[in-house]
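Student: Shown below is the structure under consideration.
The values are calculated or read from the model by the stated rules, or taken from the named source; none is laboratory data. Treat the numbers as computed from the prediction; the structure is a model and nothing was measured. Cβ atoms come from the backbone with ideal geometry, glycine included; neighbour counts cover every protein chain shown.
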Ligand code: LER
Ligand code: MN
């Protein structure tokens with residue numbers, strides 16, 4: 001399990017992303033603090049210089065684990081459920097560009113907010129499935145993993161739970177599609193985070209580790225020793241990223257998050 005810092009070139013202090021602003025600084029600080037990877041949140045794939053970013057991953061030995069695509073939905077209204085076909089096509093084009101970058105960086109692609117909302121649109125789930133299948137066809141050609149992330153009910157009016165996500169993964173039936181578990185959303189939607197992680201089993205491809213108040217693990221009331229124990233029990237070996245609010249500030253949050261989780265991992269003898 002590799003621990004990743006979250007970063008974005010778009011500054012939005014309300015967003016649960018540790019490093020906002022200069023990406024090269026995020027790489028430098030991430031490496032300095034002991035992270036083993038970085039998760040990049042981009043509005044458009046060309047928000048960053050691709051060749052320079054590839055060079056920076058090598059310079060700091062910090063691979064890009066995943067590209068978060070939600071800004072395309074939140075800032076540009078692009079989703080896989082939109083009633084307008086031109087919007088869905090634009091969403092797929094946006095993802096296609098992210099996919100090219102993901103292939104270059106050997107990263108995964110996250111589909112969270114792009115799953116959209118369904119209220120008032122009886123074809124929304126059909127549109128979503130069509131788009132996700134196309135997305136997974138592209139992913140299969142590019143050898144990229146697509147991570148589908150359920151969000152809590154206050155961010156999305158459907159696709160909130162592990163059960164709904166596993167059903168979609170089964171329908172799409174692609175080896176390139178995995179489930180992304182975000183412990184903040186799970187804390188709102190799942191009866192038991194532990195049981196739901198167990199249910200996901202080998203479909204789990206990635207984890208957002210974040211506490212009940214969307215701050216770094218240790219600042220809220222989630223039981224991360226039990227969560228980590230479960231990840232070991234289900235043989236999860238994918239990336240773990242800290243998609244957390246930079247509270248009280250990004251340096252303190254980034255350092256405390258990795259310290260806290262590494263301490264728990266060593267108590268659980270995960271570092272052996
Ligand atoms: C994306 O990973 C996520 O968790 C969203 O809630 C961000 O708004
Ligand atoms: Mn998340």
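Student: Kindly evaluate residue 144 against the criterion of being crowded, with 22+ Cβ neighbours inside 10 Å, closer than 27 Å to residue 117 by Cα, in contact (Cβ under 8 Å) with a residue 24 or more places away in the chain and more than 16 Å from ligand 2 (Cβ to nearest atom).
Tutor: yes
Student: Considering segment 147-156 alone, what residues qualify as being buried (at least 22 other Cβ atoms within 10 Å of the Cβ) and within 10 Å of ligand 2 (Cβ to nearest atom)?
Tutor: Across segment 147-156, the qualifying residues are 147, 149, 150.
Student: A further question follows. For segment 216-240, which residues satisfy the criterion of being within 16 Å of ligand 2 (Cβ to nearest atom), touching a helix residue (DSSP H, G or I) at 6+ places or on another chain (Cβ under 7 Å) and in a loop (DSSP other than H, G, I, E, B)?
Tutor: Residues satisfying the conditions are 216, 217, 222.
Student: Could you list, in sequence order, the residues of segment 140-168 that are within 26 Å of residue 104 (Cα to Cα) and more than 16 Å from the chain's Cα centre (by Cα)?
Tutor: 140, 141, 142, 143
Student: Pairs only if they're at least six apart or on different chains, beta carbon under 6 angstrom, first in segment 44-68 and touching a residue at least 40 places away in the same chain (Cβ under 8 Å) and closer than 22 Å to residue 206 by Cα, second within 16 Å of ligand 1 (Cβ to nearest atom) and in a helix (DSSP H, G or I); list them, first residue then second.
Tutor: 45/98; 67/98; 67/102
Student: A further question on this structure: Any residue in segment 128-137 that is in contact with a strand residue (DSSP E or B) (Cβ under 6 Å, 6 or more places away or on another chain), surrounded by 15 or more Cβ atoms within 10 Å (Cβ to Cβ) and more than 26 Å from residue 16 (Cα to Cα)?
Tutor: Yes, some residue in segment 128-137 is in contact with a strand residue (DSSP E or B) (Cβ under 6 Å, 6 or more places away or on another chain), surrounded by 15 or more Cβ atoms within 10 Å (Cβ to Cβ) and more than 26 Å from residue 16 (Cα to Cα).
Student: If the requirement is being within 17 Å of residue 4 (Cβ to Cβ) and out of contact with any helix residue (DSSP H, G or I) (no Cβ under 6 Å at 6 or more places or on another chain), which of these qualifies: 107, 71, 124, 83?
Tutor: Selected residue: 107, the only one of 107, 71, 124, 83 that is within 17 Å of residue 4 (Cβ to Cβ) and out of contact with any helix residue (DSSP H, G or I) (no Cβ under 6 Å at 6 or more places or on another chain).
Student: Does segment 121-137 include one or more residues that are modelled with pLDDT of 95 or more, under 12 Å from residue 69 (Cβ atoms) and assigned to a helix (DSSP H, G or I)?
Tutor: Within segment 121-137 (the criterion being modelled with pLDDT of 95 or more, under 12 Å from residue 69 (Cβ atoms) and assigned to a helix (DSSP H, G or I)), the answer is yes, since at least one residue qualifies.
Student: Further question: Identify the residue in segment 19-42 that is surrounded by fewer than 19 Cβ atoms within 10 Å (Cβ to Cβ) and on the phi < 0 side of the Ramachandran plot and, among all such residues, is nearest to the chain's Cα centre (by Cα).
Tutor: The residue in question is 36.
Student: Would you kindly identify the helices (runs of 4 or more DSSP H) lying entirely within segment 157-209 that contain at least 2 residues that are within 12 Å of ligand 2 (Cβ to nearest atom)?
Tutor: 183-189
Student: Still on this structure: Quick check: is even one residue across segment 186-206 within 22 Å of residue 21 (Cβ to Cβ), at pLDDT 95 or above, out of contact with any strand residue (DSSP E or B) (no Cβ under 8 Å at 6 or more places or on another chain) and within 16 Å of ligand 1 (Cβ to nearest atom)?
Tutor: The answer is no, given that none of the residues of segment 186-206 is within 22 Å of residue 21 (Cβ to Cβ), at pLDDT 95 or above, out of contact with any strand residue (DSSP E or B) (no Cβ under 8 Å at 6 or more places or on another chain) and within 16 Å of ligand 1 (Cβ to nearest atom).
Student: Would you check which residues across segment 149-163 are under 21 Å from residue 227 (Cα atoms) and either without any contact (Cβ under 8 Å) to a residue 12 or more places away in the chain or out of contact with any helix residue (DSSP H, G or I) (no Cβ under 6 Å at 6 or more places or on another chain) (or both) and list them?
Tutor: Hits for segment 149-163 are 149, 163.
Student: Could you check segment 183-208 and list, in sequence order, the residues that are buried (at least 19 other Cβ atoms within 10 Å of the Cβ), more than 18 Å from residue 169 (Cβ to Cβ) and out of contact with any helix residue (DSSP H, G or I) (no Cβ under 9 Å at 6 or more places or on another chain)?
Tutor: Answer for segment 183-208, where residues must be buried (at least 19 other Cβ atoms within 10 Å of the Cβ), more than 18 Å from residue 169 (Cβ to Cβ) and out of contact with any helix residue (DSSP H, G or I) (no Cβ under 9 Å at 6 or more places or on another chain): just 184.
Student: Being surrounded by fewer than 21 Cβ atoms within 10 Å (Cβ to Cβ), under 28 Å from residue 28 (Cβ atoms), touching a helix residue (DSSP H, G or I) at 6+ places or on another chain (Cβ under 9 Å) and in contact (Cβ under 8 Å) with a residue 60 or more places away in the chain is true for just one of 251, 243. Which residue is that?
Tutor: 251
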